[in-house]
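One structure is given below, encoded as structure tokens.
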């Protein structure tokens, strides 16, 4: 598989090299000349029964000989007091924290939270920071024998990462092999999901380029950001998407021509499954053993796989319906409705009359009714008539408005030019 991967900041090169060495292809990252502190001054990490690959060193901006920061990933059944003791705080400092105003909020830790404890060589605390994402949370600062607890919002360093991937096998595995995180892969599928069926349409040799953001705090990656721009080549067709913030603050993605990438419906209700039976009005039924029109598309997937509604609307049917088994029907407008059959169970709280948004999980794959194995039977109806979900022309969302078109086009040209430049640099280096 041919993969071209670019990291803008040189201290991320280790991550890139590790991924690409496995593939036998390594590119030298282009260095950024901005000065950076020595990454060897890392913070101590408390493992707390979490996999080592989930842990990463963070830089300490204070004198390394006097202060150190311990990074703790919180697991189920951990308590704040226990973790602070493990970090080296004595009972007198823990009691001081408990007496502080707002300590009850800090004590309400949850699995997956991150706790940072900064102390000096005498085990005297400087600060304690609790967050769910490493950026926004509660900070307890120790001064003059007392803790002061207040909400804290950190401003992260936002870095860009460029990737260009030629798909061999599945898109998901190809992207993972390129070091692209799960969340960014899902965003890519979501952005182009209205035009491309990632289960049915993808072929080896298709490719994509994307530029996305990563958020860092003191050298530690805290989360993945948005895709800024992307280009997907499927056969002879090229799809583009550029992130743009409208004047009202809303974020949307548009093609380079200003068309909204979103449509009223998603192409597929199940992610990363495969089509086991297409729309066919002359199909021989596998159980009844006679010709019976197959008025939808079957997506084979394991029992329990989430099923999402392809469009916004209201639930008109939720219940068992003969050969359909457990069925949900959603009315989207006077013209459009969709059906989801053979479910194992429904999303908790979903009932007839419930409002749903596009992409909401409404149930889970099963094999209820007349089904030879676990799969989702999906139907798309226009004016009450069955229509092939794979080929029906989907209504589009609104394009960029005329008042903002000039500004958007400049953003789009800049984004595509930037991706092209990154690609050309990597291509030159690889030859």
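Figures for the structure shown
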quantity	calculated
Any hit, the range 173-186, residues being farther than 30 Å from residue 226 by Cβ and surrounded by fewer than 19 Cβ atoms within 10 Å (Cβ to Cβ)	no
Flag if residue 225 is in contact (Cβ under 8 Å) with a residue 12 or more places away in the chain, on the phi > 0 side of the Ramachandran plot and either in a strand (DSSP E or B) or not assigned by TED's automatic domain parsing to the domain that holds residue 310 (or both)	no
Test for residue 189: is it outside the structural domain of residue 378 (by TED's automatic domain parsing), over 17 Å from the mean Cα position of the chain (by Cα) and not in a loop (DSSP other than H, G, I, E, B)	no
Cβ-Cβ under 6 Å pairs, at least 6 apart or on other chains, the range 312-334 side touching a residue at least 60 places away in the same chain (Cβ under 8 Å), far side in a strand (DSSP E or B)	332/313
Residue satisfying condition, being under 22 Å from residue 218 (Cβ atoms), more than 33 Å from the chain's Cα centre (by Cα) and surrounded by 11 or more Cβ atoms within 10 Å (Cβ to Cβ), within set 94, 119	119
Residue in the range 343-364 that is modelled with pLDDT under 95, touching a helix residue (DSSP H, G or I) at 6+ places or on another chain (Cβ under 7 Å) and not assigned by TED's automatic domain parsing to the domain that holds residue 230 present	no
Those residues of the range 108-123 which are part of a strand (DSSP E or B) and within 15 Å of residue 80 (Cα to Cα), in sequence order	114, 115, 116, 117, 118
Residue in the range 57-75 that is at pLDDT 50 or above, in contact with a helix residue (DSSP H, G or I) (Cβ under 9 Å, 6 or more places away or on another chain) and not in a strand (DSSP E or B) present	yes
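The values are calculated or read from the model by the stated rules, or taken from the named source; none is laboratory data. It should be emphasised that the depicted structure is a prediction, and the values quoted were computed from it without experimental measurement. All Cβ positions, glycine included, derive from the backbone under ideal geometry; neighbour counts span all protein chains shown.
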